[in-house]
Amino acid sequence: EFLQTSPYIGVCLMITEDHLDYHNNREDYSLAKQAITKFQSPSNYAIFNIDYPASKQIGQLGQGQKLAITAMQSRAITNGVKNENETISVYKEGNLISSFDCSKRTLRGKHNFENMAAAIAVAKILNIEDVVIQHTIKTFKGLEHRLQFVAEKNGVKFYNDSISTIPEPTLAALQSFTEPIVLMFGGRSKKVNYQSLYDLMSRLKNLKQIICIGETGQEAYDYFKTTSISHKLRGPFKDFTSAFNSAVESSNAGDVVILSPASTSFDMFNNYKDRGETFIKLVSQIE
């Protein structure tokens, strides 16, 4: 927020409201991101997703060379990267210079497809060979606590998405699966708006159970208890282990259990890593 310089390569993807327990509003939060491109020189690079207005606005700041990312099929790209079905295409001065098959990627979800496009744009600037990029697309399994596959126990797959501390990553996680989902949701609030997440949870047919935890879990429980999906609620729990045990009891072979809280961890844990590691430990103890 207070930097007076920008990096050689600045990448801006989707900006959502976050940390509203610190910033006055969403606009202030977005302003705090501007230094990533604002002070760039002509020898620098700005990579930004033009499908999101806030990202587009930040990407256009500064004097860096502009590389756009889009998933819009009808949108032409002069310099940048385009997601086309399961292919990521790289354009320079309007010409196609590289194309990558992403059909066998390990990372799940539309949001990770967008992340891959940005990573490819960076790799091309750094002159990484296409064969290395293609190999990485196929083999990279993601980072800890970001929709991380933990294990399969008794036919149930467990995913650790503890780093999801706002609604948008949890929205993305829920839309990354077609299997029945048992969602572990809740923690301490950042004072953000959960309505879009609640709307998705209400209409998502493969959302099997909602395990409500902590402060925001209580809020979700109160919101849904008089709705048509009230039968999917469990809790609210003030103890994480009890919540986890309820998630296991609610699941059957073929289901996925996802810890994607859309909230901070500070009511029960030191940080999101502590919460994710506790989840991983509990999964390891399932017989």
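The values are calculated or read from the model by the stated rules, or taken from the named source; none is laboratory data. Here the structure is a predicted model, which is why all the values come from computation and not from measurement. Because the Cβ atoms are built from the backbone with ideal geometry, glycine has one as well, and the counts that use them run over all protein chains shown. What goes into the accessible areas is simple: the full protein's heavy atoms, side chains included, and nothing from ligands, DNA or RNA. Shrake-Rupley method; radii C 1.70, N 1.55, O 1.52, S 1.80 Å.
Return the FRET efficiency for the residue pair R26, E287: r is the Cβ-Cβ distance, R0 is 41 Å, and the value is rounded to the nearest 0.05.
After rounding to 0.05, the efficiency reads 0.35.
Count the net charge of all other residues whose Cβ sits under 14 Å from the Cβ of Q40, scoring Lys and Arg as +1 and Asp and Glu as -1.
Its environment carries a net charge of +3.
Can you give me the long-range amide H partners of S98? Hydrogens built in the peptide plane at 1.01 Å from N, cutoff under 5 Å, separation of 5 or more residues or another chain.
V90
Using the Karplus equation 6.51 cos²θ - 1.76 cosθ + 1.60 (θ = phi - 60°), what ³J(HN,Hα) coupling, rounded to whole Hz, does each residue of the stretch 191-205 give in order, writing x for Gly and Pro?
3J(HN,Hα) across the stretch 191-205, in whole Hz: 6, 9, 8, 9, 4, 4, 5, 4, 4, 5, 4, 5, 9, 7, 5.
Relative to a virtual label point 7 Å from the Cα of E144 in the Cα→beta-carbon direction, which members of the stretch 258-277 show backbone nitrogen distances below 16 Å?
270-277
For the stretch 69-100, run through the GluC sites (Glu not before Pro) and keep only the ones in DSSP coil with at most 10 other Cβ atoms within 10 Å of their Cβ.
E93
For the stretch 37-125, what is the number of Lys pairs with C-alpha distance below 26 angstrom, counting only pairs 8 or more positions apart or on separate chains?
Here the count comes out as 23.
Using a 1.4 Å probe on the protein heavy atoms, what percent of the accessible area of the chain belongs to carbon and sulfur?
The computed percentage sits at 50.
Check which residues have an amide H placed less than 5 Å from V257's amide H, if you skip close sequence neighbours.
Close amide H contacts, sequence-distant or interchain: K157, F158, Y159, V182.
Can you pull the one-decimal nm distance between simple spin-label points at S41 and M14, each 7 Å off the Cα toward Cβ?
Placing both labels 7 Å along Cα→Cβ, they lie 3.6 nm apart.
Calculate for the chain the 222 nm mean residue ellipticity that helices alone would give, adding -39,500 (n - 2.57) per DSSP H run of length 4 or more and normalising by residue count, nearest 500 deg cm²/dmol.
-9500 deg cm²/dmol
Report the GluC sites (Glu not before Pro) located in the stretch 96-168 that are in a DSSP loop and have at most 12 other Cβ atoms inside 10 Å of their Cβ, or state none.
E129
At 37 °C and 0.692 mPa s, grab the translational diffusion coefficient of the stretch 1-93 from Stokes-Einstein with a Kirkwood Rh over Cα pairs, rounded to a whole number in µm² per second.
So the translational diffusion coefficient is about 237 µm²/s.
Just subtract the alpha-carbon distance of N193 and A76 from 0.36 nm times their residue separation and send over the number in nm, one decimal.
On the way: separation 117, 0.36 × 117 = 42.12 nm, distance 3.36 nm.
So the extension gain works out to 38.8 nm.
Once phi is turned into ³J(HN,Hα) by the Karplus curve 6.51 cos²θ - 1.76 cosθ + 1.60 with θ = phi - 60°, what whole-Hz value does each residue of the stretch 70-78 show in order, with x for glycine and proline?
For the stretch 70-78, the Karplus-derived couplings read 8, 10, 7, 5, 7, 8, 7, 10, 8 Hz, x marking Gly and Pro.
In whole Hz, what ³J(HN,Hα) sequence does the stretch 238-254 give by Karplus (6.51, -1.76, 1.60; θ = phi - 60°), x for Gly and Pro?
Going residue by residue, I get 9, 10, 5, 4, 4, 5, 4, 4, 5, 4, 5, 4, 7, 9, 10, 3, x Hz, with x marking Gly and Pro.
Can you list which of the trypsin sites (Lys or Arg not before Pro) found in the stretch 82-162 are DSSP loop residues with at most 11 other C-beta atoms within 10 Å? Could you put the intermediate results ahead of the total?
Details: sites: K82, K92, K104, R105, R108, K110, K124, K138, K141, R146, K153, K157; in loops: K104, R105, R108, K141, R146.
Passing sites in the stretch 82-162 are K104, K141.
Give the long-range amide H neighbours of F39: residues separated by 5 or more places, or on another chain, with amide H under 5 Å away, using H modelled in the peptide plane at 1.01 Å from N.
The answer is S6.
Please work out how much length the chain gains when fully extended from Q60 to I125, using 0.36 nm per residue of separation minus the C-alpha to C-alpha distance, in nm with one decimal.
Details: separation 65, 0.36 × 65 = 23.40 nm, distance 1.82 nm.
Working it through step by step, the gained length comes to 21.6 nm.
Which of rounded, prolate or oblate describes the stretch 155-287 when judged by the alpha-carbon gyration tensor and an a/c cut-off of 1.5?
Working: a/c = 1.40, a/b = 1.06, b/c = 1.32.
Judged from the Cα gyration tensor, the stretch 155-287 comes out rounded (a/c under 1.5).
Which value, in Å², gives the accessible area per residue of the chain when a 1.4 Å probe is used on the protein heavy atoms? Can you show the working numbers first?
Values: 14230 Å² over 287 residues.
In whole numbers, the chain has 50 Å² accessible per residue.
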